[in-house]
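A short worksheet on the structure shown next.
Just so it is clear, none of the values below were taken in a lab; they were calculated from the coordinates. What you are looking at is a predicted structure, and each value in this text was computed from that prediction instead of being measured.
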Amino acid sequence: MMRTLVIRKAFQQYHKTAMIIALWSLMDFVMVKTSIRSASASVSLGDHHHQTSKALVYMLIAMLLLPALDAFAKLLSDYQSSGQIVFYRFLLQSLFLFPIVFYQGELIRTLTISPFIQFMRGTLMVLATTFFFAALKYMPLAESISIFFVEPMILTILSAIILGETIRIRRILAIIVGFIGALIVIKPSFAIFGWPAIFPLCAAFCFALYVVFTRQISGRLSPLPMQFGVGIMALLVATIMLYFGYQFEIDAVMPKIPQQAELWLIFGLGFFATIGHIFLTSAVRYADTSLLAPFQYLEIISAILLGYLIFSDIPDRQTIFGLVIIISSGIYLMHRERLARLASKAEQA
């Protein structure tokens, strides 16, 4: 009991400190328009290095903050259904982002561009988040995130099937190796937790599909309005999901009025979801995604630390071994994709 109280107090202190740091980034973001409007046509070498350094710092902070969102979701899973937690996550994200998108003058445009694609993005994001939060109810943070990080492999396969992108033998081998790493993590988890061990894999599949749809409109909206648009659509889908959960008494998506003690967890959930993605979009504004992509695996380190500090979870050797394989395969896939993109640009030039 005493240990639980100490952990909760420490986490609340972490929550407050991170909020102060994150609010600084929020002010910085609001003061600057989107990269398309603010970037000049020519940038000096010094400015380029400064922007790259700024992007890396933003990416680092994002990867440290986003697992806190998952930690809040895991804490809330003791009191609320996965569907209800998803609803809170997108409700607060929409509320936090509304004034920023309104200030940028992109509110109407955000809600009217490609409504079908926006709706599909919202639906897939709700499915991915629901599967992942459902996994967190039973599984440790680190193991859930480790399995989820097969998403780049699934995305590569879907891009070939849906978008017609070419996959050569090296990337195929990297995908196979990555899935082997996932199986190494899943096998003992499935023996302990049962079907919830598959939920992060389902979440990764839904999120990969979400990225495919996002690519269809990525050049038509700047990153932050895109986050707001998917938040609104996801909120709509989550509301419908809760309605059916109530009508048919489905426990996983059953709505429930939160108690007063749960409100700070709900606020923390929405706050870290929003601020983490603001840092992420800020990073993308200052540097190419191919440079930033490998740093997303820092999220796993943060998840391991939070999992240990809050829930006393320590990954075993088999999980770490599978995790190393997944990370290595993912980074290699990113490297091959970057080379393919550079070769394509060279041919066009």
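Please pull out the direction-averaged projected area of the range 74-152, using the convex hull of its alpha-carbon atoms, in nm² to one decimal place. Each step should come with its number before you reach the end.
Working: hull surface 25.8 nm².
So the Cα hull casts an average projection of 6.5 nm².
What Rg and what Dmax come out for the range 274-319 when only alpha-carbon atoms are used, in angstroms?
13.9, 38
Distance between Cα centroids, the range 238-303 to the range 142-192: provide it in whole Å.
One Cα centre to the other: 22 Å.
Output needed for the range 171-254: three equivalent-ellipsoid semi-axes, defined as square roots of 5 times the C-alpha gyration tensor eigenvalues, in descending order, whole Å.
The equivalent ellipsoid of the range 171-254 has semi-axes of 29, 25, 8 Å.
Binned at 5 Å from 0, what are the whole-percent values of the Cα-Cα distance distribution for the range 101-197, short to long?
All Cα pairs, binned at 5 Å, distribute as 2, 11, 14, 16, 15, 14, 12, 8, 5, 2, 0 percent.
Compute the Rg/Rh shape ratio of the chain: radius of gyration over Kirkwood radius, all on alpha-carbon atoms.
Details: Rg = 20.0 Å, Rh = 21.0 Å.
Using only Cα positions, Rg/Rh for the chain is 0.95.
Do any of Lys137/Lys187; Lys74/Lys256; Lys137/Lys256 go past 24 Å between their Cα atoms, and which? If you can, show how the numbers build up before the last one.
Details: Lys137/Lys187 18 Å; Lys74/Lys256 17 Å; Lys137/Lys256 17 Å.
Violating the 24 Å Cα-Cα cut-off are zero pairs.
So which helices of the chain fit the span-like rule, where a helix is a whole DSSP H run, its Cα atoms reach 20 Å or more along the axis, and its mean Kyte-Doolittle is at least 1.6? Don't jump to the answer; show the numbers that get you there.
Numbers: long enough: 2-31 (44 Å, 0.57); 45-76 (47 Å, 0.81); 82-103 (32 Å, 1.31); 115-138 (35 Å, 1.08); 169-193 (35 Å, 1.99); 199-215 (24 Å, 1.74); 223-247 (36 Å, 1.31); 263-286 (35 Å, 1.43); 317-348 (47 Å, 0.24).
Within the chain the helices that satisfy the rule are 169-193, 199-215.
Could you tell me the extents of the range 226-349's C-alpha atoms along the three principal axes, largest first, rounded to whole Å?
57, 40, 28
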